[in-house]
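So the structure is just underneath, and the comments pick up after that.
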Amino acid sequence: MTDLPYAPSSIRALPSWLLGRAAARGHRLVAEALASEGLRMMHHAVLSAVAELGPVSQAELGRTLGIDPKDMVAIVNDLQKEGLVTRTPDPDDRRKNAIGISDGGRRRLRRTRRLGDEANAELTAALSPQEREQLIALLTRIVTPER
């Protein structure tokens with residue numbers, strides 16, 4: 001474990017510390033990969049959500065992703081300026097905007113998903129395919145515990 005901040009051995013053995021270090025490394029790897037395509041992680045998340053949800057109101061998009069409305073406006077403006085999303089009047093309520101993904105957005109998303117997959121493969125390179133599946137299953141249980 002190189003390049004990790006010092007922590008006493010009793011702390012280095014804690015799942016919470018290890019998860020935090022793994023998350024920080026994963027975040028860095030994915031952020032660097034996305035940056036090569038000119039996207040930040042939050043922009044990628046919004047673009048992915050728009051692709052998955054179809055035309056969606058900007059307000060609903062922000063609520064769904066848990067992004068502050070002011071931040072959502074800035075992100076959508078950035079994505080629109082890049083030609084990655086479209087903003088049209090919502091057919092159900094013309095006072096609202098419906099955000100859709102453009103053809104250019106779909107192309108960029110295909111590239112960034114591939115880069116994200118490569119970054120995650122690097123993150124888990126020390127694991128066998130079966131161990132990767134097990135890790136994902138275990139992390140999913142930690143993130144969404146049954147009550």
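Solvent exposure of the chain amounts to 69 Å² per residue of accessible area, where only protein heavy atoms count and the probe is 1.4 Å. Each residue, Arg21 and Thr88, gets one label point 7 Å from its Cα in the Cβ direction; the gap between the two is 5.1 nm. Once backbone amide H atoms are built at 1.01 Å from N, Val85 has Gln80, Ser102 as its partners under 5 Å, excluding neighbours fewer than 5 places away on the same chain. Computed over protein heavy atoms with a 1.4 Å probe, the carbon and sulfur contribution to the accessible area of the chain reaches 54%.
If you average the C-alpha positions of region 61-98 and of region 103-147 separately, how far apart do those two centres end up, in angstrom? One Cα centre to the other: 26 Å. Between amide H atoms placed 1.01 Å from N, distances below 5 Å from Lys96 occur with Asp90, all of them 5 or more places distant or on a separate chain.
Per-residue Karplus couplings for region 17-24, computed as 6.51 cos²θ - 1.76 cosθ + 1.60 with θ equal to phi - 60°, are listed in order as 5, 5, 4, x, 5, 5, 5, 5 Hz, Gly and Pro entered as x. Just going by the charge dipole of the chain, with Lys and Arg at +1 and Asp and Glu at -1 on Cβ, which of Ile142, Gly62, Ala121 is farthest out on the positive end? About the Cα centre, the residue reaching furthest to the positive side is Gly62.
The values are calculated or read from the model by the stated rules, or taken from the named source; none is laboratory data. Every value quoted in this text rests on a predicted model; they were computed, and no experiment measured them. So basically every Cβ, Gly included, is an ideal-geometry build from the backbone, and we count neighbours across all protein chains shown. These accessible areas exclude ligands, DNA and RNA; they are computed on the full protein's heavy atoms, side chains included. Shrake-Rupley method; radii C 1.70, N 1.55, O 1.52, S 1.80 Å.
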